[in-house]
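The structure appears below as structure tokens.
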Amino acid sequence: MRRAVRSVVAGQFQTVKRVFSSHNLQVAYHTRNLLEAEGITAVVKNEMLSSAMGELPPAECQIEVWVLRDADFETANQLLRSPRGRNEAPWTCDSCGEGIEGQFTQCWRCGAYRRA
Ligand SMILES: [Zn+2]
């Protein structure tokens, strides 16, 4: 799960780490927003691959979310796995009926918040 690659960012070599992957572009962006709301700089990768396919990409083309700073990796992992001790059970959106993974408190499709 933990994979590190060398990447050129702003002309400097730097280690970036993947914290999340999904077949769903909206979920990937939602995850990035979640991280950035906590002050963690994150990027979405492989979105071009996905849109080029025009449908669900195969496993090797999963859309990935990466953090740019090593120091943020553990924080990001904890945030995505158990944000502030919330129940992680999957839930269904009351507004649009979309199935949402437990780490999210807001529907990625319609923006409605999870009912308490
Ligand atoms: Zn919804």
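Each reported figure results from applying straightforward, stated rules to the coordinates on display, with no laboratory input. A quick note: this is a predicted structure, and the numbers were derived from the prediction, not measured. Counting neighbours? That spans all protein chains shown, and the Cβs are built from the backbone with ideal geometry, glycine included.
Taking 7 Å steps out from each Cα toward its Cβ at residue 92 and residue 26 produces label points 1.7 nm apart.
Per 0.36 nm of contour for each residue apart, how much would the distance between residue 38 and residue 71 grow if the chain were fully extended, relative to their Cα-Cα spacing?
Numbers: separation 33, 0.36 × 33 = 11.88 nm, distance 1.32 nm.
Separation in residues times 0.36 nm, less the Cα-Cα distance, equals 10.6 nm.
Computed from backbone phi with θ = phi - 60° and the Karplus coefficients 6.51, -1.76 and 1.60, the 3J(HN,Hα) list for region 35-40 is 5, 5, 5, 9, x, 9 Hz; x is used for glycine and proline. Over all other residues within a Cβ to Cβ distance under 13 Å of residue 32, the charged ones net out to -3, with Lys and Arg as +1 and Asp and Glu as -1. For region 18-29, the Karplus equation 6.51 cos²θ - 1.76 cosθ + 1.60, evaluated at θ = phi - 60°, returns couplings of 7, 10, 7, 9, 7, 7, 9, 4, 5, 5, 4, 5 Hz by residue, with Gly and Pro reported as x.
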